[in-house]
Amino acid sequence: MEKIRVGVVGYGTIGKRVADAVRLQKDMELVGVTGNSYNYRMEIAHRNNIPIYCVGEESDFKANGIDSSGKIEDLLSQTDVVVDCTPKKIGKENKEKYYIPNKVKAIFQGGEKPAVADVSFTAQCNYKEALNKDFIRVVSCNTTGLCRTLSAIDRQFGVADVVATMIRRGADPWDIRHGPINAIVPVLELPSHHGPDVQTVLHNMDIVTTALSVPSTLMHLHTLTVEMRRAVTSAEVAECFRNTTRVRVVRNAEQVRSTAEIMELAKDLQRGRGDMPEICVWEEAIGTKNKKLFYMQAIHQESDVIPENIDAIRAAMGFLDAAKSIAMTNASMGIK
Ligand code: NAD
(Lines give C-alpha, C1' and ligand atoms only; values in the text may rest on other atoms or scores of the structure.)
Protein backbone atom coordinates (compact mmCIF):
# COMPACT_ATOMS: atom_id res chain seq x y z
CA MET A 1 0.00 0.00 0.00
CA GLU A 2 1.34 3.44 -0.93
CA LYS A 3 1.45 5.73 2.07
CA ILE A 4 -0.27 9.11 2.01
CA ARG A 5 2.47 11.75 1.97
CA VAL A 6 1.60 14.50 4.47
CA GLY A 7 3.19 17.90 5.13
CA VAL A 8 2.43 20.14 8.10
CA VAL A 9 2.56 23.93 7.63
CA GLY A 10 2.71 25.82 10.97
CA TYR A 11 4.33 23.90 13.81
CA GLY A 12 2.65 25.35 16.91
CA THR A 13 0.09 23.97 19.39
CA ILE A 14 -1.94 22.13 16.75
CA GLY A 15 0.76 21.54 14.13
CA LYS A 16 3.18 19.68 16.38
CA ARG A 17 0.39 17.39 17.59
CA VAL A 18 -0.86 16.71 14.05
CA ALA A 19 2.71 15.91 12.95
CA ASP A 20 3.11 13.40 15.80
CA ALA A 21 -0.30 11.84 15.07
CA VAL A 22 0.59 11.47 11.36
CA ARG A 23 3.76 9.63 12.38
CA LEU A 24 1.59 7.10 14.28
CA GLN A 25 -0.46 6.16 11.18
CA LYS A 26 0.55 3.04 9.25
CA ASP A 27 -0.95 4.46 6.04
CA MET A 28 0.75 7.89 6.24
CA GLU A 29 4.22 9.32 6.01
CA LEU A 30 5.22 12.71 7.46
CA VAL A 31 7.28 14.36 4.69
CA GLY A 32 8.17 17.30 6.92
CA VAL A 33 7.02 20.44 8.69
CA THR A 34 7.58 24.13 8.09
CA GLY A 35 9.41 26.52 10.36
CA ASN A 36 9.57 30.27 10.05
CA SER A 37 12.04 30.88 12.87
CA TYR A 38 14.27 28.83 15.15
CA ASN A 39 12.75 27.95 18.55
CA TYR A 40 12.48 25.05 21.01
CA ARG A 41 9.77 23.35 18.95
CA MET A 42 12.01 23.33 15.90
CA GLU A 43 14.86 21.97 18.01
CA ILE A 44 12.70 19.04 19.18
CA ALA A 45 11.44 18.37 15.63
CA HIS A 46 15.08 18.28 14.46
CA ARG A 47 16.06 15.89 17.27
CA ASN A 48 13.12 13.66 16.25
CA ASN A 49 14.48 13.57 12.67
CA ILE A 50 11.52 15.48 11.24
CA PRO A 51 12.63 17.36 8.09
CA ILE A 52 12.15 21.12 8.44
CA TYR A 53 11.27 23.32 5.45
CA CYS A 54 11.77 27.08 5.76
CA VAL A 55 9.07 29.67 5.35
CA GLY A 56 11.32 32.50 6.52
CA GLU A 57 15.09 32.95 6.57
CA GLU A 58 17.19 29.79 6.47
CA SER A 59 20.07 31.61 8.22
CA ASP A 60 18.15 31.57 11.52
CA PHE A 61 18.18 27.76 11.47
CA LYS A 62 21.77 27.49 10.24
CA ALA A 63 22.96 29.79 13.05
CA ASN A 64 21.44 27.28 15.49
CA GLY A 65 22.96 24.18 13.90
CA ILE A 66 19.96 23.00 11.83
CA ASP A 67 20.20 22.35 8.10
CA SER A 68 16.77 22.84 6.61
CA SER A 69 15.52 20.45 3.93
CA GLY A 70 14.50 23.31 1.63
CA LYS A 71 11.71 25.83 1.17
CA ILE A 72 7.97 25.33 1.68
CA GLU A 73 7.62 24.73 -2.09
CA ASP A 74 10.03 21.76 -1.78
CA LEU A 75 7.79 20.30 0.93
CA LEU A 76 4.67 20.77 -1.19
CA SER A 77 6.27 19.14 -4.25
CA GLN A 78 6.57 15.83 -2.30
CA THR A 79 3.21 16.01 -0.53
CA ASP A 80 -0.28 14.62 -1.31
CA VAL A 81 -2.02 16.54 1.50
CA VAL A 82 -0.84 19.47 3.57
CA VAL A 83 -2.30 20.20 7.00
CA ASP A 84 -2.24 23.96 7.49
CA CYS A 85 -1.94 24.77 11.21
CA THR A 86 -1.02 28.44 10.95
CA PRO A 87 -2.78 31.21 12.92
CA LYS A 88 -6.19 32.34 11.62
CA LYS A 89 -6.34 34.05 8.20
CA ILE A 90 -2.88 32.79 7.19
CA GLY A 91 -4.36 29.51 5.98
CA LYS A 92 -6.45 31.39 3.42
CA GLU A 93 -3.36 33.32 2.25
CA ASN A 94 -1.39 30.07 1.99
CA LYS A 95 -4.17 28.50 -0.07
CA GLU A 96 -3.89 31.24 -2.73
CA LYS A 97 -0.09 31.57 -2.55
CA TYR A 98 0.97 27.92 -2.29
CA TYR A 99 -1.67 25.19 -2.32
CA ILE A 100 -3.63 26.13 -5.45
CA PRO A 101 -0.51 26.88 -7.57
CA ASN A 102 1.21 23.68 -6.34
CA LYS A 103 -1.98 21.57 -6.78
CA VAL A 104 -1.82 20.19 -3.25
CA LYS A 105 -4.86 19.20 -1.21
CA ALA A 106 -5.09 21.06 2.11
CA ILE A 107 -6.73 20.62 5.49
CA PHE A 108 -7.41 23.91 7.33
CA GLN A 109 -8.18 24.60 11.00
CA GLY A 110 -11.15 26.23 12.71
CA GLY A 111 -9.55 29.67 12.88
CA GLU A 112 -10.22 30.00 9.13
CA LYS A 113 -13.61 31.07 7.81
CA PRO A 114 -15.76 28.21 6.41
CA ALA A 115 -15.40 29.62 2.87
CA VAL A 116 -11.71 28.65 2.80
CA ALA A 117 -12.73 25.02 2.17
CA ASP A 118 -15.18 22.88 0.19
CA VAL A 119 -16.51 21.39 3.43
CA SER A 120 -16.32 21.90 7.22
CA PHE A 121 -15.60 18.62 8.98
CA THR A 122 -16.11 16.49 12.08
CA ALA A 123 -15.34 12.86 11.27
CA GLN A 124 -18.20 11.15 13.14
CA CYS A 125 -20.75 13.61 11.70
CA ASN A 126 -20.02 14.20 8.02
CA TYR A 127 -16.96 12.21 6.86
CA LYS A 128 -18.67 11.24 3.58
CA GLU A 129 -19.22 14.90 2.61
CA ALA A 130 -15.45 15.38 2.62
CA LEU A 131 -14.56 12.41 0.39
CA ASN A 132 -12.06 13.37 -2.34
CA LYS A 133 -12.40 17.09 -1.57
CA ASP A 134 -9.36 19.29 -2.23
CA PHE A 135 -9.91 21.64 0.71
CA ILE A 136 -11.37 20.56 4.06
CA ARG A 137 -11.73 22.66 7.22
CA VAL A 138 -11.59 20.86 10.56
CA VAL A 139 -13.90 22.99 12.74
CA SER A 140 -12.65 24.63 15.95
CA CYS A 141 -12.12 22.79 19.23
CA ASN A 142 -15.41 24.16 20.64
CA THR A 143 -17.43 23.35 17.52
CA THR A 144 -15.91 19.85 17.39
CA GLY A 145 -17.07 19.27 20.99
CA LEU A 146 -20.59 20.49 20.27
CA CYS A 147 -20.84 18.43 17.07
CA ARG A 148 -19.69 15.18 18.72
CA THR A 149 -22.20 15.15 21.56
CA LEU A 150 -25.13 16.83 19.77
CA SER A 151 -24.92 14.48 16.77
CA ALA A 152 -24.97 11.48 19.14
CA ILE A 153 -28.14 12.50 20.99
CA ASP A 154 -29.79 13.74 17.80
CA ARG A 155 -29.22 10.37 16.11
CA GLN A 156 -30.52 8.37 19.07
CA PHE A 157 -33.35 10.52 20.47
CA GLY A 158 -33.91 13.54 18.18
CA VAL A 159 -32.96 17.14 19.04
CA ALA A 160 -35.46 19.97 18.56
CA ASP A 161 -33.25 22.92 19.52
CA VAL A 162 -30.16 23.84 21.54
CA VAL A 163 -29.00 26.75 23.69
CA ALA A 164 -25.35 26.48 24.72
CA THR A 165 -22.78 28.65 26.49
CA MET A 166 -19.05 28.30 25.92
CA ILE A 167 -16.87 29.17 28.93
CA ARG A 168 -13.56 29.49 27.17
CA ARG A 169 -10.00 29.28 28.46
CA GLY A 170 -8.23 32.64 28.11
CA ALA A 171 -5.10 31.22 26.44
CA ASP A 172 -3.23 27.95 25.91
CA PRO A 173 -1.01 26.94 28.85
CA TRP A 174 2.29 27.94 27.19
CA ASP A 175 0.93 31.23 25.82
CA ILE A 176 2.26 34.42 27.46
CA ARG A 177 0.63 36.80 24.95
CA HIS A 178 -3.08 36.41 25.67
CA GLY A 179 -5.46 36.71 28.63
CA PRO A 180 -7.64 37.59 30.47
CA ILE A 181 -5.57 37.45 33.66
CA ASN A 182 -8.12 38.96 36.06
CA ALA A 183 -11.49 39.27 34.32
CA ILE A 184 -14.38 37.37 32.79
CA VAL A 185 -14.86 38.63 29.25
CA PRO A 186 -18.24 38.07 27.57
CA VAL A 187 -18.47 37.88 23.77
CA LEU A 188 -20.67 40.91 23.08
CA GLU A 189 -22.11 39.53 19.89
CA LEU A 190 -25.19 37.33 19.82
CA PRO A 191 -25.19 34.60 18.84
CA SER A 192 -21.48 33.80 19.27
CA HIS A 193 -19.95 32.33 16.11
CA HIS A 194 -20.06 28.77 17.52
CA GLY A 195 -23.74 28.10 16.73
CA PRO A 196 -23.48 29.03 13.03
CA ASP A 197 -20.21 27.06 12.92
CA VAL A 198 -21.98 23.93 14.21
CA GLN A 199 -24.44 24.34 11.33
CA THR A 200 -21.60 24.10 8.80
CA VAL A 201 -21.32 20.43 9.92
CA LEU A 202 -24.78 19.59 11.36
CA HIS A 203 -26.75 21.48 8.73
CA ASN A 204 -30.19 21.11 10.34
CA MET A 205 -29.24 21.70 13.99
CA ASP A 206 -31.29 24.53 15.54
CA ILE A 207 -28.71 26.05 17.92
CA VAL A 208 -27.99 29.40 19.58
CA THR A 209 -24.73 29.98 21.47
CA THR A 210 -23.21 32.54 23.80
CA ALA A 211 -19.58 32.65 24.94
CA LEU A 212 -17.23 34.17 27.47
CA SER A 213 -13.53 33.83 28.34
CA VAL A 214 -12.14 33.20 31.81
CA PRO A 215 -8.65 33.30 33.39
CA SER A 216 -7.87 29.60 32.94
CA THR A 217 -5.61 27.85 30.45
CA LEU A 218 -6.53 24.18 30.82
CA MET A 219 -9.80 23.53 28.99
CA HIS A 220 -13.07 25.05 27.78
CA LEU A 221 -16.35 24.14 29.50
CA HIS A 222 -19.77 24.11 27.80
CA THR A 223 -23.20 24.16 29.43
CA LEU A 224 -26.02 22.97 27.17
CA THR A 225 -29.81 23.09 27.36
CA VAL A 226 -31.34 20.88 24.69
CA GLU A 227 -35.02 20.60 23.86
CA MET A 228 -35.42 16.95 22.88
CA ARG A 229 -38.09 15.57 20.55
CA ARG A 230 -39.13 13.16 23.31
CA ALA A 231 -38.52 12.97 27.06
CA VAL A 232 -35.26 11.16 27.87
CA THR A 233 -33.70 10.02 31.14
CA SER A 234 -30.26 11.02 32.40
CA ALA A 235 -29.26 7.35 32.42
CA GLU A 236 -30.23 6.91 28.74
CA VAL A 237 -28.20 9.97 27.76
CA ALA A 238 -25.17 8.88 29.82
CA GLU A 239 -25.33 5.46 28.12
CA CYS A 240 -25.57 7.14 24.70
CA PHE A 241 -22.43 9.21 25.43
CA ARG A 242 -20.63 6.10 26.77
CA ASN A 243 -21.29 4.45 23.41
CA THR A 244 -20.13 7.47 21.39
CA THR A 245 -16.63 7.52 20.00
CA ARG A 246 -14.35 10.37 21.15
CA VAL A 247 -16.67 11.17 24.08
CA ARG A 248 -15.78 10.15 27.65
CA VAL A 249 -18.21 10.15 30.57
CA VAL A 250 -16.40 11.33 33.71
CA ARG A 251 -17.82 11.16 37.21
CA ASN A 252 -17.88 13.15 40.41
CA ALA A 253 -17.92 9.72 42.05
CA GLU A 254 -14.32 9.16 40.81
CA GLN A 255 -13.43 12.66 42.02
CA VAL A 256 -13.15 14.06 38.52
CA ARG A 257 -14.88 17.30 39.49
CA SER A 258 -13.09 19.96 37.44
CA THR A 259 -11.05 20.68 34.34
CA ALA A 260 -7.92 20.45 36.51
CA GLU A 261 -8.74 16.87 37.49
CA ILE A 262 -9.53 15.92 33.88
CA MET A 263 -6.08 17.13 32.88
CA GLU A 264 -4.54 15.15 35.73
CA LEU A 265 -6.51 12.08 34.60
CA ALA A 266 -5.09 12.53 31.08
CA LYS A 267 -1.57 12.60 32.52
CA ASP A 268 -2.28 9.48 34.57
CA LEU A 269 -3.53 7.76 31.40
CA GLN A 270 0.00 8.51 30.15
CA ARG A 271 -1.26 10.21 27.03
CA GLY A 272 1.36 12.07 24.97
CA ARG A 273 1.70 15.66 26.31
CA GLY A 274 -1.06 14.84 28.84
CA ASP A 275 -3.70 15.31 26.09
CA MET A 276 -7.40 14.44 26.37
CA PRO A 277 -8.79 14.32 22.80
CA GLU A 278 -12.17 12.98 24.00
CA ILE A 279 -14.94 15.40 24.96
CA CYS A 280 -15.57 14.85 28.69
CA VAL A 281 -19.20 14.91 29.89
CA TRP A 282 -19.91 14.83 33.64
CA GLU A 283 -22.37 12.05 34.44
CA GLU A 284 -23.78 13.79 37.52
CA ALA A 285 -24.41 17.01 35.56
CA ILE A 286 -26.69 15.31 33.01
CA GLY A 287 -30.24 16.28 34.02
CA THR A 288 -33.71 16.50 32.56
CA LYS A 289 -36.98 18.41 33.01
CA ASN A 290 -39.87 17.37 30.78
CA LYS A 291 -38.32 17.25 27.29
CA LYS A 292 -35.40 19.49 28.31
CA LEU A 293 -31.94 17.94 28.68
CA PHE A 294 -29.06 19.68 30.49
CA TYR A 295 -25.42 18.66 30.42
CA MET A 296 -21.91 20.05 30.82
CA GLN A 297 -18.83 19.05 28.87
CA ALA A 298 -15.14 19.94 28.95
CA ILE A 299 -12.99 20.39 25.85
CA HIS A 300 -9.22 20.01 25.75
CA GLN A 301 -8.65 22.70 23.15
CA GLU A 302 -5.12 21.63 22.29
CA SER A 303 -5.98 18.04 21.34
CA ASP A 304 -9.63 17.31 20.45
CA VAL A 305 -9.17 18.34 16.80
CA ILE A 306 -6.04 16.20 16.25
CA PRO A 307 -7.82 12.90 15.39
CA GLU A 308 -10.19 14.93 13.16
CA ASN A 309 -7.23 16.12 11.10
CA ILE A 310 -6.05 12.53 10.60
CA ASP A 311 -9.49 11.41 9.40
CA ALA A 312 -9.75 14.52 7.18
CA ILE A 313 -6.50 13.48 5.46
CA ARG A 314 -7.96 10.04 4.67
CA ALA A 315 -11.27 11.55 3.49
CA ALA A 316 -9.41 13.96 1.18
CA MET A 317 -7.54 10.97 -0.31
CA GLY A 318 -10.77 9.06 -0.94
CA PHE A 319 -10.54 6.43 1.85
CA LEU A 320 -14.19 5.37 1.79
CA ASP A 321 -14.88 3.82 5.19
CA ALA A 322 -15.49 6.52 7.84
CA ALA A 323 -15.88 4.06 10.72
CA LYS A 324 -12.67 2.27 9.76
CA SER A 325 -10.72 5.54 9.52
CA ILE A 326 -12.00 6.63 12.95
CA ALA A 327 -11.11 3.23 14.42
CA MET A 328 -7.60 3.32 12.90
CA THR A 329 -6.98 6.85 14.20
CA ASN A 330 -8.35 6.01 17.64
CA ALA A 331 -6.27 2.84 17.96
CA SER A 332 -3.08 4.65 16.98
CA MET A 333 -3.68 7.44 19.51
CA GLY A 334 -5.07 5.35 22.36
CA ILE A 335 -8.50 7.04 22.14
CA LYS A 336 -11.66 5.38 23.42
P1 NAD B 1 0.07 28.61 17.25
O2 NAD B 1 0.29 30.06 17.34
O3 NAD B 1 0.34 27.75 18.42
O4 NAD B 1 0.93 28.01 16.05
C5 NAD B 1 0.95 28.57 14.77
C6 NAD B 1 2.27 28.22 14.09
O7 NAD B 1 2.27 28.73 12.76
C8 NAD B 1 3.48 28.85 14.81
O9 NAD B 1 4.48 27.87 14.95
C10 NAD B 1 3.94 29.95 13.84
O11 NAD B 1 5.33 30.15 13.87
C12 NAD B 1 3.51 29.38 12.50
N13 NAD B 1 3.30 30.37 11.45
C14 NAD B 1 2.90 31.67 11.58
N15 NAD B 1 2.82 32.24 10.37
C16 NAD B 1 3.16 31.29 9.45
C17 NAD B 1 3.27 31.27 8.03
N18 NAD B 1 2.98 32.36 7.30
N19 NAD B 1 3.64 30.13 7.42
C20 NAD B 1 3.92 29.01 8.15
N21 NAD B 1 3.86 28.98 9.50
C22 NAD B 1 3.47 30.10 10.14
O23 NAD B 1 -1.43 28.41 16.72
P24 NAD B 1 -2.42 27.20 17.04
O25 NAD B 1 -3.02 27.43 18.38
O26 NAD B 1 -1.73 25.92 16.76
O27 NAD B 1 -3.59 27.47 16.00
C28 NAD B 1 -3.48 27.08 14.64
C29 NAD B 1 -4.88 26.97 14.06
O30 NAD B 1 -5.59 25.98 14.79
C31 NAD B 1 -5.74 28.24 14.13
O32 NAD B 1 -6.61 28.26 13.02
C33 NAD B 1 -6.54 28.04 15.40
O34 NAD B 1 -7.74 28.77 15.41
C35 NAD B 1 -6.79 26.55 15.31
N36 NAD B 1 -7.08 25.90 16.60
C37 NAD B 1 -6.38 26.23 17.73
C38 NAD B 1 -6.68 25.61 18.94
C39 NAD B 1 -5.99 25.97 20.21
O40 NAD B 1 -6.61 25.91 21.26
N41 NAD B 1 -4.73 26.31 20.21
C42 NAD B 1 -7.69 24.65 18.97
C43 NAD B 1 -8.34 24.28 17.80
C44 NAD B 1 -8.04 24.93 16.61
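A 1.4 Å probe run over the protein chains yields, for the chain, 45 Å² of accessible area per residue, whole-number rounding. By the rule of a C-alpha distance below 23 Å, with chain neighbours fewer than 8 residues away ignored, the lysines paired with K26 are K3, K16, K105, K128, K133, K324, K336. If I model segment 42-150 as equal point scatterers sitting on the Cα atoms and use the Debye formula, what is log10 I(q)/I(0) at q = 0.10, 0.11, 0.23 Å⁻¹? Cα-only, vacuum Debye calculation for segment 42-150: -0.36, -0.43, -1.20.
Projected onto planes of every orientation and averaged, the convex hull of the alpha-carbon atoms in segment 140-225 covers 5.8 nm².
Along its three principal directions, the equivalent ellipsoid of segment 1-97 from the Cα gyration tensor extends over semi-axes of 19, 16, 13 Å, largest first.
Look at where the Cα atoms of segment 32-99 and of segment 199-254 average out, and the two centres are 37 Å apart.
Principal axis analysis of the Cα atoms in segment 141-299 yields extents of 46, 37, 25 Å, listed in decreasing size. Membrane-span-like helices of the chain, defined as complete DSSP H segments with a Cα extent of 20 Å or more along the helix axis and a mean Kyte hydropathy of at least -1.0, are identified as 141-156. Between the listed residues V281, N182, T210, the Cα displaced farthest toward the positive end of the dipole of segment 141-299, a dipole computed from Cβ unit charges relative to the Cα centre, is found at V281. Of the peptides 129-139, 163-173, 228-238, the ranking by mean beta-carbon count within 10 Å, highest at the top, reads 129-139, 163-173, 228-238. Each residue of the chain gets 133 Å³ once the volume of the Cα convex hull is shared out per residue. Gyration tensor analysis over the Cα atoms of segment 80-129 returns equivalent ellipsoid semi-axes of 19, 13, 9 Å (largest first, whole Å).
The fraction of accessible area contributed by carbon and sulfur in the chain is 52 percent, rounded to a whole number (1.4 Å probe; ligands and nucleic acids excluded). Pull up the cross-link candidates among the lysines for K62, meaning alpha carbon to alpha carbon under 19 Å and not fewer than 8 places away within one chain. Those lysines meeting the cut-off are K71. Per-residue surface analysis assigns T200 an accessible area of about 40 Å², computed on protein heavy atoms at 1.4 Å probe radius.
The values are calculated or read from the model by the stated rules, or taken from the named source; none is laboratory data. Only a predicted model underlies this, so the values are computations on that prediction, with no experimental measurement involved. Ideal geometry is used to build each Cβ from the backbone, glycine not excepted, and the neighbour counts take in all protein chains shown. To get the accessible areas, we keep the full protein, side chains included, count just its heavy atoms, and leave off ligands, DNA and RNA. Shrake-Rupley method; radii C 1.70, N 1.55, O 1.52, S 1.80 Å.
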